[in-house]
Every structure is written in C-alpha cells, then in structure tokens.
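Right, one structure below, let's go through it.
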Amino acid sequence: MTVSSQVIPAATTPAPGTVTPPAGSPAPLGRFDRLAPRLHQYGLVMLRAGLGGVFVWFGVLKVIGLSPAAALVVDVLPFPAGGWFVPALGWAEVALGLWLMSGRARALALPVLTAHLCGTFAVLVLTPSVAFAHSNPLLLTLVGEFVVKNVVLLAGVVVVTTHQRR
C-alpha cells in the first residue's frame, strides 16, 4: 500500500445559516477569551494588594509583640538576637509590604523580597526537627507548612514584580 503526498481532505460545507469567517482571519473570541485580559489585570492588582497586605499584617504583629512566629524567628537565627530584632524585622516587613503595594521600583523590589522569603527557608535547613515530623522531609509539621507556603508567596512576588506595564 502506498501513501500519496497528493491526499487532499474533502471539502466541508458549513451548515445552512452558519456564518463562516473569511479564509485567513482569526476565529471570533469567546466570552471568556474577551474577558481574560481584563480579569488578568484585576488579578494582578488583587495579587499585589494581597501580598503586600500579608507582609504588612505579619510585620505589624511582630512590631506589637503578638506574632506567633516571633519565637521561631529567634530560634532559627545563627546569632543571639536581642529584643530589638523581631520588631525590626516586623518594620522591615511592613516596609516591604507597602513597597510591594506601591508597584514602584519593581526591579529592585524583586531581589529584596526574594531574599527575605528565601531567608524563611532557613528553618528547613537550620532546624529541620521543627519543620519535619520524624525526620521525614515529606512529613511537614505546622511550622514546616507555614514555611513551605512561602513558595507560593515567592511565586506571587515574581508575577507582580515582573509583569509588563501597559
């Protein structure tokens, strides 16, 4: 059996009453495809506000001495921290959150925010017994989940700081 390179598909005729676009023109967009760009823009604004809000909220809790993560921060530090460290970290987080919400100097904000978020992963390396149950890296404790969720925050920071402005 041979296959010819001259095989041409049979021409199909549209159903009566069907409007077909002229040859070579793009197909009309569906409702979702027309809404998606606007939704994307709203989503970016919501993501920036949400991420910034989380940084401000967590920072304020550290500043006023009510953060449940304060003891974890002090325990994971490789140096002795005075009582000033956690509130100072809180003020830095407030500043980072406001910076993120402002949308300004995004090229500089990205590495600063990335460094801060990656710093939280020190818990996994420096105090693994706190992050993993039974020394199993697949069994996260509550602290481990708290730290690992920062992967999502990091992804969000990358998205909102690198999108192209219109």
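The values are calculated or read from the model by the stated rules, or taken from the named source; none is laboratory data. Note that this is a predicted model, so its numbers are computed, not measured. Cβ coordinates were reconstructed from backbone atoms using ideal geometry, including for glycine residues, and neighbour counts include every protein chain displayed. Heads up: the accessible areas ignore ligands, DNA and RNA and are worked out on the full protein's heavy atoms, side chains in. Shrake-Rupley method; radii C 1.70, N 1.55, O 1.52, S 1.80 Å.
Label separation (Ala36 vs Ala49): 2.4 nm, computed from points 7 Å beyond Cα along the C-beta direction. A dipole drawn for the range 54-166 from +1 and -1 charges on Cβ atoms has a positive end, and of Ile64, Leu113, Leu89 the residue lying farthest that way is Leu113. Ligands, DNA and RNA aside, Ser135 has an accessible area near 110 Å² when probed at 1.4 Å.
The calculated FRET efficiency for Ala88 paired with Ala115, based on their beta-carbon distance and R0 = 22 Å, is about 0.90. Each Lys or Arg adds one and each Asp or Glu subtracts one; over the other residues with Cβ under 14 Å from the Cβ of Val158, this totals +2. Ordered by solvent-accessible area of protein heavy atoms (1.4 Å probe), largest first, the residues Phe121, Phe32 come out as Phe32, Phe121. Take each peptide in 154-161, 82-89, count the other Cβ atoms within 10 Å of every residue, and average; sorted highest first, the result is 154-161, 82-89.
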